[in-house]
Amino acid sequence: MTKTSLRTRLLNGQTGDPALLVQLRWQGRALLIDLGRIDRTPAPVLFPIEAVFVSHAHMDHFMGFDQLLRLFLARDTTLRLFGPAGIADCVQGKLAGYTWNLTDEYVFTIDVTEIGDDELTHTRFAARRRFAREPRGTSPYADGVVLADPAFRVEAAPLDHRIVSMAYAVTERTHLNVRPGALEAGGFRPGPWLNVLKTAVRAGAADDTPIEVAPGDRRPLGALREVLLDVTPGQKIAYAVDTLFSPANAARIIRLAHDADVFFCESPFLDEDIEQATRRYHLTARQAGALARAARARRLNVFHFSPRYEGRYGDIVAEAHAEYLGQQVRYGDLDRGHAPVP
Ligand SMILES: [Zn+2]
Ligand SMILES: [Zn+2]
């Protein structure tokens, strides 16, 4: 049985507003990447959301904030919301649109984290304080990790959409389980050293790293791992939307989505409309496919299609996957002459 446990769902499919639910199965927890309209999603599906990661505050990525607020207002919980610099102003502006004279007893709190170049800026909005803006300081930010949880971590990468559009990756922690019966078979006694071993394995320590399994008894990490541990790599989900296909953006996306199990990538345009895509700081399907291939993603899931292609959405998917797989494009209608540019 695999313990791999991230389950993803585009709440509005490939054509509606971006909103990617990432459920942590077995844990009853969930994350949401982007916050387009979510009014058609049943509340019980949304209640497990603990943190929301907003790419940017264009309306189709942020208008679901009101719906989430409405659902969460009476709950005894804190919702974390991450986004590019300026997202706290957007949250404040949304909250300022309502009257909060009867929420003094409410526990609900929104903790906003703005992702800057080298620091994270924290701001709190608490219902009991009528959602007044409370600065909560900054924390350093160097390695791209904006949230480190015992079960997963979330990384961010800023992309150029004429404003910052933040891309995200959720990576589950490697599962390390002691193989049943292995301790007895090897003559080991359970103890805190098992956690030392797991921590060292997770950190990628060298195979000859000594681990003290009993007082005075040191064994090399590699041998212990072989005999004792089942190692299941964590799953990785990457997400990139609303971005220009520039060398700098491409490099950031490829790094972020490297080895992803599933890469969710916007594909608003077909490559035949590349000039328009570039003018609007968006990707084409072929560019999405090229990014997924370069990142060595195991699966590509394209979405955020422009409604102009209604009736031709299959062509978008076909173009993206042909490029991803390094094949000739095969459109539904074969003779449109849109062979991929080498
Ligand atoms: Zn946008
Ligand atoms: Zn958009």
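The values are calculated or read from the model by the stated rules, or taken from the named source; none is laboratory data. Keep in mind the model is a prediction, meaning the values are calculated, not measured. Don't worry about glycine lacking a Cβ; one is built from the backbone with ideal geometry, like all the others, and counts go over all protein chains shown. Surface areas here come from the heavy atoms of the whole protein model, side chains and all, with no ligands, DNA or RNA. Shrake-Rupley method; radii C 1.70, N 1.55, O 1.52, S 1.80 Å.
Given the options Gly181, Gly187, Gly144, Gly137, name the one that is at positive phi, surrounded by 15 or more Cβ atoms within 10 Å (Cβ to Cβ) and small (Gly, Ala, Ser).
Result of the check over Gly181, Gly187, Gly144, Gly137: Gly144.
For every residue, the table says whether it meets (1) open to solvent by less than 10 Å² (accessible area, probe 1.4 Å); (2) of a type in the set (D, E, K, R).
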| residue | (1), (2) |
| --- | --- |
| Thr243 | yes, no |
| Arg252 | no, yes |
| Arg279 | no, yes |
| Gln287 | no, no |
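Give the residue that is farthest from ligand 1 (Cβ to nearest atom), with candidates limited to residues of the range 203-219 that are open to solvent by 60 Å² or more (accessible area, probe 1.4 Å) and in contact (Cβ under 8 Å) with a residue 12 or more places away in the chain.
Here the residue is Glu212.
Only one of (1) away from ligand 1 (no atom under 16 Å from the Cβ); (2) surrounded by fewer than 19 Cβ atoms within 10 Å (Cβ to Cβ); (3) closer than 25 Å to Asn249 by Cα fails for Asp160. Which number is that?
Evaluating Asp160 over (1) away from ligand 1 (no atom under 16 Å from the Cβ); (2) surrounded by fewer than 19 Cβ atoms within 10 Å (Cβ to Cβ); (3) closer than 25 Å to Asn249 by Cα leaves (1) as the failure.
From the list Arg128, Arg153, Arg124, exactly one residue is part of a strand (DSSP E or B) and either farther than 21 Å from Ala240 by Cα or in contact with an Asp or Glu (Cβ under 7 Å, 6 or more places away or on another chain) (or both). Which is it?
Arg124
Can you tell me which residue among Leu291, Leu270, Leu283 is in contact (Cβ under 8 Å) with a residue 12 or more places away in the chain, of a type in the set (A, V, I, L, M, F, W, C) and under 25 Å from Gln235 (Cα atoms)?
Leu291
State which residue is nearest to Arg179 (Cα to Cα) when the search covers only the range 17-52 and only residues that are at pLDDT 95 or above and of a type in the set (Gly, Ala, Ser).
Ranking the candidates gives Ala30 first.
Looking at (1) among the charged types (D, E, K, R); (2) open to solvent by 50 Å² or more (accessible area, probe 1.4 Å); (3) not in a loop (DSSP other than H, G, I, E, B), find the lone condition where Asp104 falls short.
(3)
So which helices (runs of 4 or more DSSP H) are wholly in the range 209-296 and hold at least 3 residues that are within 16 Å of ligand 2 (Cβ to nearest atom) and within 30 Å of Ala151 (Cα to Cα)?
Qualifying helices (runs of 4 or more DSSP H): none found.
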